[in-house]
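Colleague: There's a structure below that I have some questions on.
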Amino acid sequence: MFFLDTNSARVFFLSGFLLSTTAGFAQTVKPDHVLQVTETVIQELQALNEENFTQASSVARPTTPAMPRHVLFLARDRWRKVQLLRFMNGLETHGLDDVVVHQITPGEVKALVDQLLRETRELRPAYGLAKSDLDAAMTSGKKPVDVYGSLIQVSAELQSLGVPATVPNDVYRVALTVSHSLEQIAEKQGVKVDLSGLKPEQGRTPVDAYRGALGLLQDLQTLTTDHNTYTVPGGVAIPDEKSKGISPDDVILVLSRALADVMAIMHVTQTASALTYAPYVGGKTPSDVYYEIKRAQHIISSLNDKAA
């Protein structure tokens, strides 16, 4: 098993291009435009799969409402997977800067997925394909949840191409980032958190971590609904619980939503200027992920108690 640290090699566009996006451009970009790009990414990956004599299954598209921040954080995880595919094919890999804490716009999401498309197209020669002329049709009336669902299909296409499955180490990094970010919020709000009652977890499974992550989202929903200090644009939505076949990919999907919502809380509370990802740590298990989720929930409970 190898690990590709896609945050170690910073790329210019997130800290430069995204932040220099003009207000006019940001206002004109709609989910329709973003979806056109992500659907083109799917077409590109399908072309690679065809050359690879593989085919991905079509995944169910979600219906839970999403905000641009949720789409952005999921796109960042798909970036991680595309970099793994580039690594497997001998291409240079690139990382992403930490996220600047602010309200994410569709224009910023499009800038990221535009770059994701370029990174994907550069894989064509490795599969014996010529320069691409693929371009998905533009549709109208789309919402961020449509783009979110498209990015889930991107993951299925990548998995079919042999990209290694998400492992607990990947999930743990996101869970640790969530709990660290919540600690920053508590410190900013002058809330003392007593974690002495938390004990190490043992024997936990991805199912436990998945259900714990859903519980974490529910706690965030309560916090942002009950207390104006923590109210975020669009609120916190809870996806429908998956009933079977739970994998680390499902856990990271829920935790990426939680991380997006925590960043939104950081913004409204003016906690920090950037959301910093926790370092990658190897050798982690679902029990470690579950512990970090419980720690995050404990911090949220402290925030609730202080705001009551």
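The values are calculated or read from the model by the stated rules, or taken from the named source; none is laboratory data. The model shown is predicted, which means the values in this text are computed figures rather than measured ones. Every residue, glycine as well, gets a Cβ built from its backbone with ideal geometry; the counts of neighbours run over all protein chains shown. Protein only, heavy atoms only, side chains kept; ligands, DNA and RNA dropped before computing areas. Shrake-Rupley method; radii C 1.70, N 1.55, O 1.52, S 1.80 Å.
Colleague: Ignoring ligands, DNA and RNA, what accessible area per residue does the stretch 31-161 give at 1.4 Å, in Å²?
Modeller: 41
Colleague: What is the angle, in °, between the Cα long axis of helix 206-226 and the longest principal axis of the Cα atoms in the chain? Nearest 10 is fine, range 0 to 90.
Modeller: The two axes meet at around 60 degrees.
Colleague: Can you sort ARG204, ARG257 by solvent-accessible area, 1.4 Å probe, largest first?
Modeller: The most accessible residue leads, giving ARG204, ARG257.
Colleague: Could you check how many percent of all C-alpha pairs in the stretch 31-161 are farther apart than 26 Å?
Modeller: In whole percent, the long-distance tail amounts to 17.
Colleague: Using Cα pairs closer than 8 Å and at least 6 residues apart in sequence, work out the relative contact order for the chain, in percent.
Modeller: Relative contact order, the chain: 28 percent.
Colleague: Can you bin the stretch 170-308 into rounded, prolate or oblate? Criterion: square roots of the alpha carbon gyration tensor eigenvalues sorted a ≥ b ≥ c, rounded for a/c under 1.5, prolate for a/b above b/c, oblate for the rest.
Modeller: prolate
Colleague: Is the shape of the stretch 101-179 best called rounded, prolate or oblate, per the rule: a/c under 1.5 gives rounded, else a/b larger than b/c gives prolate, else oblate, with a ≥ b ≥ c the square roots of the Cα gyration tensor eigenvalues?
Modeller: oblate
Colleague: Percent relative contact order of the stretch 168-307, based on C-alpha pairs within less than 8 angstrom and at least six residues apart?
Modeller: For the stretch 168-307, the relative contact order is 52 percent.
Colleague: Express in Å², to the nearest 10, the accessible area of LYS110 obtained by rolling a 1.4 Å probe over the protein heavy atoms while all chains stay in place.
Modeller: 40
Colleague: Run the numbers on the stretch 218-283 and let me know its relative contact order in percent, using alpha-carbon pairs under 8 Å that are six or more apart.
Modeller: 34
Colleague: State whether the stretch 72-143 is rounded, prolate or oblate according to the following rule on the C-alpha gyration tensor (a ≥ b ≥ c being the square roots of its eigenvalues): a/c under 1.5 gives rounded; otherwise a/b larger than b/c gives prolate, and the remaining case gives oblate.
Modeller: Taking the square roots of the gyration eigenvalues as a ≥ b ≥ c, the stretch 72-143 is oblate.
Colleague: Please calculate how many Å² of accessible area the stretch 168-307 carries per residue, with a 1.4 Å probe and no DNA, RNA or ligand atoms counted.
Modeller: 43
Colleague: Check the straight Cα-Cα distances from LYS131 and name the aspartates and glutamates below 19 Å, setting aside those fewer than 8 residues away within the same chain.
Modeller: Qualifying aspartates and glutamates at Cα under 19 Å: GLU39, GLU44, GLU50, GLU51, GLU92, ASP114, GLU119, GLU122.
Colleague: For the chain, with the dipole built from +1 on Lys and Arg beta-carbon atoms and -1 on Asp and Glu ones, taken about the Cα centre, which of ASN89, THR64, PRO200 lies farthest toward the positive end?
Modeller: PRO200
Colleague: What do you reckon, how do PHE53, PHE87, PHE73 stack up by accessible area (1.4 Å probe), largest on top?
Modeller: The ordering from most to least exposed comes out as PHE53, PHE87, PHE73.
Colleague: Could I ask something else about it? Using 0.36 nm per residue, how much length does the chain from ALA60 to VAL281 gain when fully extended, once their Cα-Cα distance is taken away?
Modeller: Computed gain between ALA60 and VAL281 is 76.4 nm.
Colleague: Using a Cα-Cα cut-off of under 21 Å, which lysines could be cross-linked to LYS142, ignoring same-chain neighbours fewer than 8 residues away?
Modeller: The reachable lysines, counting only those whose Cα sits under 21 Å from LYS142, are LYS30, LYS110.
Colleague: Considering only protein heavy atoms, with the full assembly of protein chains and a 1.4 angstrom probe, order GLU292, GLU201, GLU241 by accessible area, largest first.
Modeller: Descending accessible area places them as GLU241, GLU201, GLU292.
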